[in-house]
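Note sheet for the following structure.
Read-outs: derived from the displayed coordinates by stated rules, not from any lab. The model shown is predicted, which means the values in this text are computed figures rather than measured ones.
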Amino acid sequence: MGICLALSILEHGAPGGPHGGWSEAIDELIRESFWMTEPELDRAYSWALKRSPMLEVAIDVERTRRRGNAPIGHRVN
């Protein structure tokens, strides 16, 4: 699906087409959070605060690992 499409689905209700809707977008962002930029993490976190505790936790964990300079192998969700 990709991070940009997943964020667009969550923020703007963009059609996911064959990729699915919110649940697929949330799953994508949880799986790919280690590739996300800080602005992308901020956008996903803002959306997750009100709607998805699982995504919120995944972003918190990713940020904790980044602050600790964890190697990429430790940052895979």
For Ser23 and Arg66 in the same chain, what is the full-extension length gain: residue separation times 0.36 nm, less their Cα-Cα distance, in nm?
12.9 nm
Relative contact order of the chain (C-alpha contacts under 8 Å, at least 6 apart) in percent is 29
Taking Cα atoms only, helix 38-51 is inclined relative to the longest principal axis of the chain by an angle, in degrees rounded to 10, of 60
Most mobile of Leu49, Leu41, Leu29 in a GNM of the chain (Cα contacts under 10 Å):
Leu49
